[in-house]
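The values are calculated or read from the model by the stated rules, or taken from the named source; none is laboratory data. Given the structure is predicted, the values throughout are model-derived calculations rather than measurements. Please note: Cβ atoms are built from the backbone with ideal geometry, for glycine as well, and neighbour counts cover all protein chains shown. The protein model used for the area step is the full one, side chains on, heavy atoms only, and it has no ligands, DNA or RNA in it. Shrake-Rupley method; radii C 1.70, N 1.55, O 1.52, S 1.80 Å.
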Amino acid sequence: MLAGFTKGERFSALSLATVVAIVGLFFALMGQDALLQTHGAMMAAAAACALLYLVLTYSAPEPALDRLHRYYDGPTKVGVVLAMIFAVVGFLVGDWVAWLLYNPDLTFDAGWASYGRLRPLHTSAVIFGFGGNALIATSFYILQRTSRARLADPVGAWFVLLGYNLFCAIAASGYLMGATQSKEYAEPEWYADIWLTVVWVAYLLVYLRTLARRREPHIYVSNWYYLAFILVVAVLHIVNNLAIPVSFLQSKSYSLFSGVQDAMTQWWYGHNAVGFFLTAGFLGMLYYYLPIRSGRPIFSYRLSIISFWGITFFYMWAGSHHLHYTALPQWVQTLGMTFSVMLLVPSWASATNALLTLNGAWHKVRDDATLRFITVAILFYGLSTLEGSFMSIRSVNALSHYTDWTIGHVHAGAMGWVAMIAFGAIYASVPWLWKRDSMYSTRLVEVHFWLAIAGTVIYVFAMWNSGIIQGLMWRTYTESGTLAYSFVDSLVAMKPYYAARAVGGLLFLIGGVVGLYNVWMTIRTAPKAAAEFDRPMPATPAFEPAE
Amino acid sequence: MFGLHYRLERKTIGFLLGIIGVSSIGGLIEIAPLFTIDETVEQVADMRVYTPLEQAGRDIYIREGCYGCHSQLIRTLRDEVERYGPFSLAVESKYDHPMQWGSKRTGPDLARMGGKYSDDWQRAHLINPRDVVPESNMPAYAFLQRALLRTDNLGLRLATLRQLGVPYTDEMVANAAADAQGQATPDTALAEGVRRRYGDATNISTFAGAAGKLTEMDALVAYLQILGRLTNAAHEMAAGE
Ligand code: HEM
């Protein structure tokens with residue numbers, strides 16, 4: 001069987017799936033609105049599929065005992081494929097909403113197809129679907145190699161991966177049907193939030209139990225970051241989603257906090273979702289794939305330590321830079337601004353450490369598109385952290401806030417850093433996972449690279465331009481001291497940039513499709529026999545930083 | 001220091017506690033005081049609550065994700081105040097669970113939308129924004145006009161909000177569904193009940209115009225018409241300066 005469970009594990013997986021199926025059925029039958037019923041049914045259906053698989057394979061032979069000397073990569077393999085699928089879906093919806101801003105009638109006359117519901121679908125599909133799957137998949141991969149230990153709990157690892165994707169499916173279908181709290185990046189309703197909390201605790205436990213089994217005395221840097229990612233995201237998620245459901249049988253809830261306290265909690269969450277989901281987790285990825293792929297040890301161990309603790313400490317203060325000139329007390333705004341500027345130090349320390357690691361390997365960057373994805377990601381990381389610190393300054397923020405400049409900034413980070421590093425990591429791991437020398441087509445990796453770069457640059461430049469024009473138009477006065485432009489004037493001025501952004505997005509999307517095809521063909525043409533064997537654990541110490 | 005770290009990174013639990021400690025300081029110092037310091041939210045006497053119809057409209061605003069294009073927070077900057085009206089005070093979103101301050105203005109700020117346009121304008125604009133503002137890229141919300149408003153759950157919703165600190169009375173909770181109907185049917189006994197419970201200033205109107213059936217469009221228009229008018233404090237403050 002694919003999962004390679006022992007008899008005992010099969011039993012616990014069966015029990016787990018049964019419990020989930022019962023909970024799902026309960027909501028499907030007892031739920032008082034269509035949302036809760038549908039989502040209950042989805043949960044039950046997912047559990048039923050798992051049950052069916054487990055029953056059909058229940059009497060399959062036990063895996064051989066020497067499995068304990070092999071890494072457990074099933075969840076990683078599935079996670080990588082899911083990440084690529086979510087990437088394509090997320091980019092597709094992203095480009096659709098981009099075209100909608102250019103021509104709002106490119107849609108259907110129905111609630112599900114309206115911009116306000118599609119936009120969160122885009123953000124969640126790319127951040128949680130694509131980013132989250134890439135993080136979970138690579139974290140399991142890296143954790144085992146850097147600890148030289150097999151994953152502690154195979155059933156738990158599958159539960160984490162599949163449960164997480166069930167959360168993504170519930171969230172995505174929920175937006176289309178109108179289930180949302182309208183809290184940015186925390187849109188899913190209370191029941192989805194509780195489910196994610198359960199999955200996340202399981203994730204932490206699998207992680208810690210595997211770390212506890214490690215045969216390396218030291219915990220490798222990547223794992224510091226993944227650990228911070230898992231822990232802090234748990235805290236953020238729980239606190240920001242505190243809410244009282246209208247009834248336990250209805251999907252609607254009201255958040256515990258209101259007004260200014262809610263705003264501060266929300267942006268403490270929102271900013272640190274960027275810091276710990278989209279930064280810390282992906283830095284963990286960087287610290288593994290960069291040295292492996294370039295064949296160079298991390299430049300400085302001390303710089304790694306400084307930047308890790310700097311990021312962990314400074315990020316948590318910075319959220320209030322989203323609330324300049326608002327009803328939030330001034331001292332909180334000032335603290336947020338100060339720490340945001342200081343945040344540049346550990347951020348650039350990471351970027352510098354990564355770039356200097358490449359010394360002596362620059363010829364590989366030239367020849368190897370996978371390593372080039374990783375390198376460009378570092379550059380965009382440096383760029384967007386500099387820009388972010390700059391935009392946190394009150395007077396700059398007065399211009400940039402509420403405009404497309406923010407969107408440009410977000411996507412320099414999201415497309416340039418998050419997506420590029422994830423693609424680099426996926427292109428590096430897929431051949432390793434399926435025991436091949438290289439991807440199905442290295443030419444196509446090259447094609448994807450140039451599409452991604454072109455798309456990102458077009459997108460970001462378009463939004464910088466439109467954002468700054470917009471900000472300036474809103475605050476321009478005529479000589480007689482009245483506002484020079486109406487809001488609609490600024491809207492008209494955005495049109496060409498919205499078209500350019502949508503074209504850039506289309507290139508990026510095509511790149512994603514090429515990537516998915518390439519990954520799929522790599523898997524399909526992988527030699528069958530070899531795939532049954534996981535790589536033996538290396539006898540030599542796993543990779544350690546220099547110094 | 002690095003020697004210490006060299007030892008720390010060999011201990012899973014130690015490392016875990018380190019992360020928890022270091023990461024929690026910022027949030028604690030910035031957020032906790034907001035709940036205890038009295039000056040965070042101004043005290044004003046005339047602050048009223050959303051009527052059931054307005055709250056239902058707010059729930060639709062949330063469901064449709066209008067925050068993706070509209071802010072509801074006017075910053076303390078001269079051009080914003082001149083464009084949109086007096087800057088937003090904390091008290092104005094005191095009953096907003098959750099707040100909808102927003103972060104992106106694809107469309108204009110809505111914090112002071114109430115009373116700016118007629119109900120008819122709002123309805124026509126929501127059905128197809130381009131009929132009213134040809135250059136607009138706002139989505140058409142014609143489907144709201146076709147959807148009947150569910151009022152049976154409004155009592156539960158107000159009761160939940162009351163648990164969270166919004167001062168709804170027992171009577172308001174008990175009559176939530178009837179009051180939603182009443183606010184959209186002027187000159188009836190139902191409407192009188194709304195006025196009695198929520199005050200004379202309550203905006204009683206046929207909103208989206210389709211007499212007889214209460215639609216989601218009615219609720220949303222009712223909500224848009226109350227935006228910025230739960231209290232007069234911001235205007236008074238602006239006049240006082
Ligand atoms: C094909 C590539 C992409 C396209 C065409 C695209 C398009 C868009 C559009 C049109 C918006 C709404 C902008 C607005 O409100 O004016 C948006 C928002 C957003 N996108 Fe993307 N996007 C892409 C890739 C990504 C990726 C890879 C990520 C993250 C990993 C991402 C994260 C976000 C986030 C976080 C927002 C919300 C920004 C905010 O509210 O400040 N996007 N995107």
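Considering (1) more than 16 Å from the ligand (Cβ to nearest atom); (2) more than 14 Å from every other protein chain (Cβ to nearest Cβ); (3) open to solvent by 10 Å² or more (accessible area, probe 1.4 Å), the lone condition that A:Ala157 does not fulfil carries the number (3). Answer yes or no: is there a residue in the range A:257-273 that is modelled with pLDDT under 95, touching a helix residue (DSSP H, G or I) at 6+ places or on another chain (Cβ under 8 Å) and either more than 24 Å from B:Asp109 (Cβ to Cβ) or among the basic types (Lys, Arg) (or both). Checked the range A:257-273: at least one residue is modelled with pLDDT under 95, touching a helix residue (DSSP H, G or I) at 6+ places or on another chain (Cβ under 8 Å) and either more than 24 Å from B:Asp109 (Cβ to Cβ) or among the basic types (Lys, Arg) (or both). The residues in the range A:181-225 that are assigned to a helix (DSSP H, G or I), more than 11 Å from every other protein chain (Cβ to nearest Cβ) and not aliphatic (A, V, I, L, M) can be counted, and the count is 8.
Residues checked against (1) under 18 Å from the mean Cα position of the chain (by Cα); (2) open to solvent by less than 10 Å² (accessible area, probe 1.4 Å); (3) over 14 Å from A:Thr76 (Cβ atoms); (4) not small (Gly, Ala, Ser):
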residue: A:Ser139; (1), (2), (3), (4): yes, yes, no, no
residue: A:Ile142; (1), (2), (3), (4): yes, yes, no, yes
residue: A:Ala169; (1), (2), (3), (4): yes, no, yes, no
residue: A:Ser173; (1), (2), (3), (4): no, no, yes, no
residue: A:Leu196; (1), (2), (3), (4): yes, no, yes, yes
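Has the range A:65-88 got any residue that is touching a helix residue (DSSP H, G or I) at 6+ places or on another chain (Cβ under 8 Å), within 16 Å of the ligand (Cβ to nearest atom) and open to solvent by 60 Å² or more (accessible area, probe 1.4 Å)? The answer is yes; a qualifying residue exists.
Does A:Val418 satisfy being closer than 21 Å to A:Val88 by Cβ, within 14 Å of another protein chain (Cβ to nearest Cβ), within 14 Å of the ligand (Cβ to nearest atom) and among the aliphatic types (A, V, I, L, M)? No.
Being away from chain B (no Cβ under 14 Å) and away from the ligand (no atom under 15 Å from the Cβ), is that true of even one residue in the range A:473-485? Within the range A:473-485, one or more residues are away from chain B (no Cβ under 14 Å) and away from the ligand (no atom under 15 Å from the Cβ).
One line per residue, one yes/no per condition, for (1) at the interface with chain B (Cβ under 9 Å from one of its Cβ atoms); (2) open to solvent by 20 Å² or more (accessible area, probe 1.4 Å):
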position	(1), (2)
A:Ser251	no, no
A:Ser255	yes, no
A:Val274	no, yes
A:Thr279	no, no
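Of all residues in the range A:314-335, those that are more than 7 Å from every other protein chain (Cβ to nearest Cβ) and in contact (Cβ under 8 Å) with a residue 40 or more places away in the chain have Cβ atoms under 9 Å from Cβ atoms of residues that are aromatic (Phe, Trp, Tyr) and outside any helix (DSSP H, G or I), 6 or more apart or on another chain, in A:Leu323/B:Trp101; A:Gln333/A:Tyr325. Only a single item in (1) open to solvent by less than 10 Å² (accessible area, probe 1.4 Å); (2) within 16 Å of the ligand (Cβ to nearest atom) is not met by A:Thr385, and it is number (1).
Listed conditions (1) away from the ligand (no atom under 16 Å from the Cβ); (2) in contact (Cβ under 8 Å) with a residue 12 or more places away in the chain; (3) more than 16 Å from A:Trp267 (Cβ to Cβ); (4) of a type in the set (S, T, N, Q) are all met by A:Ser395, apart from (2).
The sole residue among A:Leu236, A:Leu211 that is under 17 Å from the mean Cα position of the chain (by Cα) and of a type in the set (A, V, I, L, M, F, W, C) is A:Leu236.
If you go through the range A:106-124 and pick out every residue that is more than 10 Å from the ligand (Cβ to nearest atom), modelled with pLDDT of 95 or more and either under 18 Å from the mean Cα position of the chain (by Cα) or open to solvent by less than 30 Å² (accessible area, probe 1.4 Å) (or both), you end up with 5. Only residues that are within 15 Å of the ligand (Cβ to nearest atom) and in contact with a Lys or Arg (Cβ under 8 Å, 6 or more places away or on another chain) were counted in the range A:125-150, giving 0. Considering each residue of the range B:78-89 in turn, at least one proves to be more than 7 Å from every other protein chain (Cβ to nearest Cβ), surrounded by 22 or more Cβ atoms within 10 Å (Cβ to Cβ), without any contact (Cβ under 8 Å) to a residue 40 or more places away in the chain and among the aromatic types (Phe, Trp, Tyr).
For B:Thr106, the criteria (1) within 12 Å of chain A (Cβ to nearest Cβ); (2) out of contact with any Ser or Thr (no Cβ under 8 Å at 6 or more places or on another chain); (3) free of Cβ contacts under 8 Å to residues at least 60 places away in the same chain; (4) open to solvent by 10 Å² or more (accessible area, probe 1.4 Å) hold in every case but one, which is (4).
Per-residue answers, yes or no, for (1) within 7 Å of chain A (Cβ to nearest Cβ); (2) open to solvent by 70 Å² or more (accessible area, probe 1.4 Å); (3) not aliphatic (A, V, I, L, M):
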{"site": "B:Lys11", "(1), (2), (3)": "no, yes, yes"}
{"site": "B:Val22", "(1), (2), (3)": "yes, no, no"}
{"site": "B:Gly27", "(1), (2), (3)": "yes, no, yes"}
{"site": "B:Ile31", "(1), (2), (3)": "yes, no, no"}
{"site": "B:Gln43", "(1), (2), (3)": "no, yes, yes"}
{"site": "B:Gln55", "(1), (2), (3)": "no, no, yes"}
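When the range A:175-192 is filtered for residues that are open to solvent by less than 20 Å² (accessible area, probe 1.4 Å), among the hydroxyl-bearing types (Ser, Thr, Tyr) and in contact (Cβ under 8 Å) with a residue 12 or more places away in the chain, the ones remaining, listed by number, are A:Tyr175, A:Thr180. Those helices (runs of 4 or more DSSP H) of the range A:358-465 in which 2 or more residues are aliphatic (A, V, I, L, M) occupy A:369-391, A:394-400, A:404-411, A:420-433. Taken as a whole, the condition of being open to solvent by 10 Å² or more (accessible area, probe 1.4 Å), within 12 Å of the ligand (Cβ to nearest atom), within 12 Å of chain B (Cβ to nearest Cβ) and over 19 Å from the mean Cα position of the chain (by Cα) does not apply to A:His409.
The residues of the range A:495-519 that are open to solvent by less than 60 Å² (accessible area, probe 1.4 Å), within 9 Å of the ligand (Cβ to nearest atom) and over 20 Å from the mean Cα position of the chain (by Cα), listed by number, are A:Tyr498, A:Arg501, A:Ala502, A:Gly504, A:Leu507.
When each of A:Val430, A:Val488, A:Val492, A:Val418 is tested for being out of contact with any Lys or Arg (no Cβ under 7 Å at 6 or more places or on another chain), hydrophobic (A, V, I, L, M, F, W, C) and open to solvent by 50 Å² or more (accessible area, probe 1.4 Å), the lone residue that passes is A:Val492. Applying the set (1) under 30 Å from A:Leu433 (Cα atoms); (2) within 14 Å of chain B (Cβ to nearest Cβ) to A:Phe128 leaves exactly one unmet item: (2).
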